[in-house]
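One structure is given here, and the rest of the page talks about it.
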Amino acid sequence: MKRVALILAGGAGTRLRPLSSDENPKQFLQIFDGQSLLQKTFARARRSAASVYISTNEQYAAKAAEQLNIVNMLTILTEPARRNNAPAIALCCREIESREGDVAIAVLPSDHFIRDEVEFARVLDRAFAFAESSDYLVTIAIKATEPNTGYGYLHLGDELAPEVIGVQRFLEKPSRERAEEFVRRGNYAWNAGIFIWRASVFRSEIARAAPEISRVTRENYEQMPSISIDYALMEKAPRVAAVRGDFGWSDVGSFEALERVGVNVAALLNR
């Protein structure tokens, strides 16, 4: 089965202001060894997928094309308005299926840092393989290395296949006490917002869980609710699986997180 990546690059990067701005949000900042997180995500995606699409706000389409040296603008799918990621993912997956058929799609945020690229590729390959052979929606369960209260969590259940675990529920950002309990118990993991599924499975599941969003088009996009794919679909889906991942992941959502991955924030802010 053909493998396709959909990179979500429409965020405004509000948590890293003033380093990030409306004109140059987090995913476009070329501060990671001279590259941006979008460029790094694109390079990873090309190693694992035969086709790569970019979902972004119309404001950033030209900027994404320039950074990624994209000539064929048909691979950049623009969002007519900001409505969180559920409408964007639904619109893009419909467009990808219409062009490519019933392919396996990996939905990848563009603004995450990953230290071990080789291990990430291996984990993503396992997630692709399970999604291709099942009717599950698949996600990546990031090993929780600390009781972080800034991340959502996955409550993991029984093993479904080698390296694949059932997801019992999605949990919102917890209190410090609950986060410490999650890490201590070990069957909880961080939710990185990485999803893998077959196009036809996504289409049927979004129609069942969120029929309004499943009917999204460019014409009615501004009437869509602003909602995340976690709320709209993943928390309601009856068959969700996860592959554990431990590859040095961070969503670099704070200046402290940037420092931890080797970025000299003080020097950047004082330029």
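Just so you know, all these numbers are worked out from the coordinates, no wet-lab data involved. If you're wondering where the values come from, they're calculated on a predicted model, not measured in any experiment. Cβ coordinates were reconstructed from backbone atoms using ideal geometry, including for glycine residues, and neighbour counts include every protein chain displayed.
Restricting to the chain, what percent of DSSP beta bridges are antiparallel, rounded to 5? Write down the numbers at each step before the final one.
Details: 24 of 45 bridges.
Restricted to the chain, the bridges split so that about 55 percent are antiparallel.
Extension gain E259-T145, at 0.36 nm per residue separation less the Cα-Cα distance, in nm?
Working: separation 114, 0.36 × 114 = 41.04 nm, distance 1.71 nm.
Stretched out fully, the E259 to T145 stretch lengthens by 39.3 nm.
What is the local net charge at S51, summed over the other residues whose Cβ is closer than 11 Å to its Cβ (Lys, Arg +1; Asp, Glu -1)?
Details: positive: K2, R3, R46, R99; negative: E100.
Taking every Cβ under 11 Å from that of S51, the sum is +3.
Sort V252, V138 so that the residue with the fewest other Cβ atoms within 10 Å of its own Cβ comes first and the one with the most comes last.
On the way: V252 23, V138 28.
Listing V252, V138 from fewest to most nearby Cβ atoms yields V252, V138.
How long is the gain from E159 to Y221 if the chain were fully straight, where each residue apart is worth 0.36 nm and the alpha carbon distance is subtracted? Let's see the in-between values first.
Values: separation 62, 0.36 × 62 = 22.32 nm, distance 3.84 nm.
Computed gain between E159 and Y221 is 18.5 nm.
Once you list every other residue whose beta carbon is under 9 Å from the beta carbon of I142, what net charge do they have if Lys and Arg are +1 and Asp and Glu are -1?
On the way: positive: K143, R244; negative: D246.
Spelling it out: positives minus negatives among the neighbours equals +1.
Roughly how big is segment 25-91's charge dipole about its Cα centre, with Cβ charges of +1 (Lys, Arg) and -1 (Asp, Glu), in debye to the nearest 20? Working shown, then result.
Numbers: 8 positive and 4 negative charges, 42 e Å.
Here the size comes out at about 200 debye.
Among T78, T149, which comes first, second and so on when ranked by fewest other beta-carbon atoms within 10 Å?
Details: T78 19, T149 13.
Fewest-to-most ranking of T78, T149: T149, T78.
Per 0.36 nm of contour for each residue apart, how much would the distance between R46 and Q59 grow if the chain were fully extended, relative to their Cα-Cα spacing?
Details: separation 13, 0.36 × 13 = 4.68 nm, distance 2.40 nm.
The span from R46 to Q59 would gain 2.3 nm if fully extended.
Give me the distance in nm between label points sitting 7 Å out from Cα along the Cα-to-Cβ direction at R99 and N69, one decimal.
For the pair R99/N69, the computed spacing is 2.0 nm.
Scan around L6 for amide H atoms under 5 Å from its own, H built in the peptide plane at 1.01 Å from N, and keep only partners 5 or more places away or cross-chain.
Y53, A106, V107, L108
Provide the FRET efficiency to the nearest 0.05 for the R115-S204 pair, computing r from the beta carbons and using R0 = 35 Å. Spell out each step's value before the answer.
Working: r = 36 Å, r/R0 = 1.03.
Here the calculated transfer efficiency is 0.45.
With an 8 Å Cα cut-off and a minimum separation of 6 or more residues, compute the relative contact order for the chain in percent. Numbers along the way, then the final one.
Working: 515 pairs, mean separation 65.3, N = 271.
Reported as a whole number, the value is 24 percent.
Counting only other residues whose beta carbon sits under 9 Å from that of A199, what net charge do I get with K and R as +1, D and E as -1? The partial results should precede the final answer.
Working: positive: R94, R198, R203; negative: E97, E100, D102.
Net charge in that neighbourhood comes out at 0.
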